[in-house]
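Structure record follows, encoded as structure tokens.
The values are calculated or read from the model by the stated rules, or taken from the named source; none is laboratory data. Remember, predicted model here, so these are calculated numbers, not experimental data. Reconstructed Cβ throughout: ideal geometry from the backbone, glycine too, with neighbour counts over all protein chains shown.
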Amino acid sequence: MSEYLLEVRNLHARVEDGEESILNGVDLVVRAGELHALMGPNGSGKSTLAKVIAGHPSYEVTAGDVLLNGENILEMEPDERSRAGVFLAFQYPAEIPGVSISNFLRTAVNARRSEEEGDVGVLDFQRQLTEKLKLLRVDPSFAGRHVNDGFSGGEKKRNEILQMAMIEPLMAVLDETDSGLDIDALRIVSDGVNTLRRERPEMGVLMITHYKRILGYLEPDHVHVMLGGKIVQSGGPELADQLEEMGYDWLSEPEPQPVA
């Protein structure tokens, strides 16, 4: 068993067929049960890192490795990475009119099962879904609605957390889950993440965010700052407080040169 649940080594990546590199040597390790927050300004490469970990086809890895429990997942297709235990919660979840959340989740659960396991039975799935809805304190009628169709920002993000609960990943990457949420929705979504972490203490979480406010609810073990496609600073929760007070400019200031 590897010491690290997720290990990103010297990762370089660009848009497929593009010339300019977006990730420029990212190094990151996450142990089982840890929550890491990744912060940084727009355009620093945070969401690109999330998509590369998940296997988004629009990005090309030019150097480096991404290991899950010691196994390099870069040669895996996105569905293989999902079956291996990677989950990505999207910043902008898609709307799927005509498809109920319940049917969508059953399809997602079955897609991750092996041929030997076969599809989950209808009654078993309904029991599991009911348990997760209760765990997350979500009204059962929510599962009958169409996926994100007409949903508020908070409802879309709540649906992402419900997906995470049903899929039960080893490593969850949450791409700006707090984006566009008011304070009540933020608290509800944060409560959902905390509940799942208590339910599955071995799960690792990489939370990508611009702001400190969600970290007041989630209490990260480590905070990292990304600038220019690489992680330039790491620390504990106090680093988020420092960023709230000082912004990011102090991290990009050039080193003072010695006087000749």
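Of a type outside the set (S, T, N, Q), within 14 Å of G229 (Cβ to Cβ) and surrounded by 17 or more Cβ atoms within 10 Å (Cβ to Cβ): is that true of G25 in this structure?
On the way: of a type outside the set (S, T, N, Q): yes; within 14 Å of G229 (Cβ to Cβ): yes; surrounded by 17 or more Cβ atoms within 10 Å (Cβ to Cβ): no.
Taking the combined requirement at face value, the residue does not satisfy it.
Just checking, does the stretch 151-170 include any residue being surrounded by 15 or more Cβ atoms within 10 Å (Cβ to Cβ), modelled with pLDDT under 95 and of a type in the set (S, T, Y)?
No, because not a single residue in the stretch 151-170 is surrounded by 15 or more Cβ atoms within 10 Å (Cβ to Cβ), modelled with pLDDT under 95 and of a type in the set (S, T, Y).
What are the residues in the stretch 34-76 that are among the small types (G, A, S), touching a helix residue (DSSP H, G or I) at 6+ places or on another chain (Cβ under 8 Å) and assigned to a loop (DSSP other than H, G, I, E, B), if any?
Those that are among the small types (G, A, S), touching a helix residue (DSSP H, G or I) at 6+ places or on another chain (Cβ under 8 Å) and assigned to a loop (DSSP other than H, G, I, E, B): G40, G55, S58.
Tally the residues that are of a type in the set (A, V, I, L, M, F, W, C) and assigned to a loop (DSSP other than H, G, I, E, B), restricting the search to the stretch 147-204. Talk me through it step by step, then tell me what you get.
Looking only at the stretch 147-204, we keep the residues that are of a type in the set (A, V, I, L, M, F, W, C), and these are 147, 151, 161-162, 164-167, 170-174, 181, 183, 185-186, 188-189, 193, 196, 203.
Remaining after also requiring assigned to a loop (DSSP other than H, G, I, E, B): 151, 170, 181, 203.
Of the residues in that region, 4 qualify.
On the given criteria, is G18 in a loop (DSSP other than H, G, I, E, B), of a type outside the set (A, V, I, L, M) and free of Cβ contacts under 8 Å to residues at least 12 places away in the same chain?
Details: in a loop (DSSP other than H, G, I, E, B): yes; of a type outside the set (A, V, I, L, M): yes; free of Cβ contacts under 8 Å to residues at least 12 places away in the same chain: no.
Answer is no for this residue.
Could you figure out which of (1) surrounded by fewer than 21 Cβ atoms within 10 Å (Cβ to Cβ); (2) charged (D, E, K, R); (3) within 24 Å of F104 (Cβ to Cβ) isn't true of E202?
The single condition E202 does not satisfy is (3).
Give the number of residues within the stretch 55-89 that are surrounded by fewer than 20 Cβ atoms within 10 Å (Cβ to Cβ), within 14 Å of the chain's Cα centre (by Cα) and of a type in the set (G, A, S).
1
Out of the residues in the stretch 113-149 that are modelled with pLDDT of 95 or more and among the small types (G, A, S), state the one that is surrounded by the fewest Cβ atoms within 10 Å (Cβ to Cβ).
S141
Could you please find all residues in the stretch 215-236 being farther than 16 Å from S47 by Cβ, touching a helix residue (DSSP H, G or I) at 6+ places or on another chain (Cβ under 7 Å) and not in a helix (DSSP H, G or I)? Full working, then the answer.
Kept after step one, since they are farther than 16 Å from S47 by Cβ, are these residues of the stretch 215-236: 215-223, 232-236.
Remaining after also requiring touching a helix residue (DSSP H, G or I) at 6+ places or on another chain (Cβ under 7 Å): 215, 217-218, 223, 232-233.
Those that are farther than 16 Å from S47 by Cβ, touching a helix residue (DSSP H, G or I) at 6+ places or on another chain (Cβ under 7 Å) and not in a helix (DSSP H, G or I): V223, V232, Q233.
Given (1) in contact (Cβ under 8 Å) with a residue 24 or more places away in the chain; (2) more than 21 Å from A172 (Cβ to Cβ); (3) not polar (S, T, N, Q), where does E75 come up short, assuming only one miss?
In the conditions (1) in contact (Cβ under 8 Å) with a residue 24 or more places away in the chain; (2) more than 21 Å from A172 (Cβ to Cβ); (3) not polar (S, T, N, Q), E75 misses (1) alone.
Quick one: in the stretch 90-103, of everything that is at pLDDT 95 or above and touching a helix residue (DSSP H, G or I) at 6+ places or on another chain (Cβ under 8 Å), which residue is surrounded by the most Cβ atoms within 10 Å (Cβ to Cβ)?
Checked the stretch 90-103; the qualifying residue surrounded by the most Cβ atoms within 10 Å (Cβ to Cβ) is I101.
Tell me which residues, restricted to the stretch 1-25, are at negative phi, in contact with a His (Cβ under 8 Å, 6 or more places away or on another chain) and not hydroxyl-bearing (S, T, Y).
Residues satisfying the conditions are L23, N24.
Among the residues of the stretch 11-18, is there at least one that is surrounded by 22 or more Cβ atoms within 10 Å (Cβ to Cβ) and modelled with pLDDT of 95 or more? Full working, then the answer.
Of the residues in the stretch 11-18, the ones surrounded by 22 or more Cβ atoms within 10 Å (Cβ to Cβ) are 11, 13.
The next check asks that each one be modelled with pLDDT of 95 or more; those that pass are 11, 13.
For the stretch 11-18, residues surrounded by 22 or more Cβ atoms within 10 Å (Cβ to Cβ) and modelled with pLDDT of 95 or more: present.
Take the residues of the stretch 37-46 that are of a type outside the set (S, T, Y) and surrounded by 21 or more Cβ atoms within 10 Å (Cβ to Cβ): which is nearest to D249 (Cα to Cα)? Write out each step before concluding.
Residues of the stretch 37-46 that are of a type outside the set (S, T, Y), as a first pass: 37-43, 45-46.
Now narrow it down to the ones that are surrounded by 21 or more Cβ atoms within 10 Å (Cβ to Cβ): 37-40, 45-46.
Working: A37: 19, L38: 16, M39: 13, G40: 11, G45: 16, K46: 17 Å.
Looking at the filtered set, the residue picked out is G40.
Sort out which residues of the stretch 1-27 are in contact with a strand residue (DSSP E or B) (Cβ under 8 Å, 6 or more places away or on another chain), among the hydrophobic types (A, V, I, L, M, F, W, C) and farther than 18 Å from Y248 by Cβ, and write them in order of number.
L5, L6, V8, L11, A13, V15
From (1) of a type in the set (A, V, I, L, M); (2) in contact with a Leu (Cβ under 6 Å, 6 or more places away or on another chain); (3) over 19 Å from S47 (Cα atoms), pick out the condition that doesn't hold for I208.
The one condition I208 does not meet is (3).
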